[in-house]
């Protein structure tokens, strides 16, 4: 541990290939369940209050794990600043925008389409920002994936004249996730995965606190459904999903990692069908097929 590396990241032995190959599928499955948790918990709390509690609990849990495992912390001010910026983008700006947009009345499908542009935007910026080359085959996959998402959630797209603030929040969520992915990739050399996540969640917590105090009542209806949703979002999403996200960003090209988000809306549609009785149409199935084809084109291109 003298070299400052996190003991949770093996620097000498490569991960088992079969385990590594399963990581993208596990990530997509875990990430997609965030919609279910948000749908269960949002009616019982305002968005910034909800996220403040979620981030605060996740920060405490991550900090406890770091102390128990004696994980090393960033040693320079530059490393701390880079870690904080990543957290404000991916946790604060992205999730804050999504929750705010849905709370403001924008349909979940509309938010999904806007945030679904992320792989295309990330790939467009990956060249000038990261020096990554995106092939023609990958560009075809990225545009195909966007069409697939539009088909999957097309029936739930709805925009009214009074949803300007909510639409702006959805765009902020898109920018937060896109720039956050690129920023994390550019500064992926930091080995502080566990302590870095703690710092990022703490930064997002501090961002949500004044927003909750200034714009919300802070009231929470502590029902069993809310507690389950909060536990799921903290343990599965904040601790599990984002750890997988950072791991994949470090190991792969930004465009390839971003393309995995095309699979999230189709999987959410299946989960909503199983849990909430929502309808899956032939158009939805066509969109799922396009999304899967898109990811295949990007990751194999």
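The values are calculated or read from the model by the stated rules, or taken from the named source; none is laboratory data. All of these numbers come straight from a predicted model, not from anything done at the bench. Note that each Cβ is placed from the backbone with ideal geometry, even for glycine, and that neighbours are counted across all protein chains shown.
Select, from 63, 71, the only residue that is over 25 Å from residue 113 (Cβ atoms), under 21 Å from the mean Cα position of the chain (by Cα) and surrounded by 16 or more Cβ atoms within 10 Å (Cβ to Cβ).
63
For (1) more than 24 Å from residue 146 (Cβ to Cβ); (2) in contact (Cβ under 8 Å) with a residue 40 or more places away in the chain; (3) in a helix (DSSP H, G or I), each residue gets a yes or a no:
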{"site": "212", "(1), (2), (3)": "yes, yes, yes"}
{"site": "227", "(1), (2), (3)": "yes, no, yes"}
{"site": "249", "(1), (2), (3)": "no, yes, yes"}
{"site": "262", "(1), (2), (3)": "no, yes, yes"}
{"site": "293", "(1), (2), (3)": "no, yes, yes"}
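Select, from 195, 144, 122, the only residue that is more than 26 Å from residue 297 (Cα to Cα) and modelled with pLDDT of 75 or more.
Answer to the check: 195.
What are the residues in the stretch 69-94 that are touching a helix residue (DSSP H, G or I) at 6+ places or on another chain (Cβ under 6 Å) and assigned to a helix (DSSP H, G or I), if any?
Passing the criteria: 83, 84, 86, 87, 88, 89, 90, 91, 92, 93, 94.
Looking at 190, 178, can you tell me which residue is in contact with a helix residue (DSSP H, G or I) (Cβ under 8 Å, 6 or more places away or on another chain), at pLDDT below 90, assigned to a loop (DSSP other than H, G, I, E, B) and at negative phi?
Step by step, each of 190, 178 is checked, and only 190 is in contact with a helix residue (DSSP H, G or I) (Cβ under 8 Å, 6 or more places away or on another chain), at pLDDT below 90, assigned to a loop (DSSP other than H, G, I, E, B) and at negative phi.
Within the stretch 236-246, is there a residue that is at negative phi, modelled with pLDDT under 80 and part of a helix (DSSP H, G or I)?
yes
Report yes if residue 256 is at pLDDT below 75, loosely packed, with under 15 Cβ neighbours inside 10 Å and under 18 Å from residue 31 (Cβ atoms), otherwise no.
no
Any residue in the stretch 44-60 that is closer than 21 Å to residue 205 by Cβ and surrounded by fewer than 16 Cβ atoms within 10 Å (Cβ to Cβ)?
Checked the stretch 44-60: at least one residue is closer than 21 Å to residue 205 by Cβ and surrounded by fewer than 16 Cβ atoms within 10 Å (Cβ to Cβ).
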